[in-house]
Amino acid sequence: MRQTCLVFAVVTLGSVALAGVGRANTNPFFKTNTVAGELPARDRFTVAGASPADVSVAFEMLQPDGSANLFVKTGSGPITPVGGPDFHTLSSGAIAGITGGAVAGRFVDPGGPNTGVFLFPPNGGARQVLSDTRVDNPSFAPATSPGGDIVFQDLHPGTNSSDLIVRTSGGVRLTINGSGFARMGRPAITTAHDVAFVGSPAATSASEGSSPPNIYVGSAHGGPLTPILNDPNLVLASDNLTLEQTNNQTRVSFVAVDISRSQVGIYHSDQFTPQGLFSAPQLVIASSATASISEVFSTNSQGQFLSRKGYQYYMARSQMNAAGSAPEAADPVLLIGIGDSVGGSTVTDIFMSESSLLDSGEALLYLTLANGDRGFYFVTVPEPTMLGVLFAVPAIATRRRS
């Protein structure tokens, strides 16, 4: 009885702190009202930086004449156009990353023959063409590591197969052979050049169909590509995944359907060294009967997750128990939603990207308000210490039951 009362008291206190309109603290990074245009898609921006003090954002805006332009803003600096007029992304999610002011992505160049993966150095330097795939497919959009490494698919000329190309922050080009796969999703990469992607192995004979998709993890420096999803009840629902590296583990996070429960959720699986094995997938945020999970989610190196369910955004934290091998997850905490109060107005739309969640715990979201204001806002739970208490409750309760 004592355990039940303690847990109930903590959760009730957290609910009071988070309930009601305007539950989150919001602080504008900058408003885009001064940039004549509209954000064309929720995932056509990318965020870099560990905290608000060093954050940068690259974003695309549709102009009144129908053209699109790419912009970058770092810290308190100005909003700077990149790439020239109408040098825009080819597909949603194609702005891959930004590091030190440099922007990588898959873009259309209206002034030349190149359509592919480009790197725009900071301060208006000449762009670098990393790949000219000419394939309008989100899977061919690149991804970046926090250290500035870039990974992307490169189509074999005259075929439907492709390799994964890693361009390190030092300019070294590495290749992961993809000839054994019938299909590969958009990859992810860590600073240590570990790579993960959703792939379907190619058939080994004319009479054999391709295998179901799985998550493959390997190193750009060579070695095997290892499938890590072995739970027969989990079926991948999307090619979207994230790859995080901490001091002692590599974490792969993904969206899957638990066919035994008919439930979609965000899961993660952790690799521990020196064993090198991945843990069983751990559910972090699940859909409900009234709210579905978005395929776009964000993670950080602190084990936090940000996801949209219906018209509301939730944060959750995944924790490891004292043994360091069995993951434990806390209940998601409601962060912000449509209709919440911000800046004396109400939220009418919210966009996020896969890089929205900073390591410091703030989420950088694109908000549209009823009064016409729109722009990028830092969004945090009102009392971070209370959020920590909420996250800790399930872990404490689990240990007491064991």
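Derivation of every value follows stated rules applied to the coordinates shown; laboratory data play no part. Note that the structure is predicted; figures quoted are calculated from it, not measured. Cβ sites come from the backbone with ideal geometry, for glycine too, and all protein chains shown count toward neighbours.
General observations
- Between Thr226 and Asp331, the modelled labels are 3.6 nm apart [label points 7 Å from Cα along Cα→Cβ].
- In this structure the amide hydrogen of Ala68, modeled in the peptide plane, comes within under 5 Å of the amide hydrogens of Gln63, Asp86, none closer than 5 places in sequence on its chain.
- Separation in nanometres of the label points that stand 7 Å from Cα toward Cβ, at Ser169 and Asn33: 3.8
- Segment Gln128..Ser67, full-extension length gain: 19.7 nm, with 0.36 nm per residue of separation and the alpha-carbon distance subtracted.
- Label-to-label distance for Ser211 and Thr191 is 3.3 nm, based on points extended 7 Å past Cα in the beta-carbon direction.
- Between the amide H of Ser131 and those of Val117, distances stay under 5 Å, these residues lying 5 or more places away or on another chain, with hydrogens modeled in the peptide plane.
- Between the amide H of Leu225 and any residue lying 5 or more places away or on another chain, no distance stays under 5 Å, with hydrogens modeled in the peptide plane.
- Fully extending the segment from Ser301 to Ser179 would add 40.7 nm, taking 0.36 nm per residue of separation and subtracting the current Cα-Cα distance.
- In plain terms, the chain from Ile79 to Asp359 could stretch by 98.4 nm, reckoned as 0.36 nm per residue minus the Cα-Cα distance.
- Computed packing ranks the peptides 62-70, 297-305 as 297-305, 62-70, most packed first, by mean other Cβ atoms within 10 Å.
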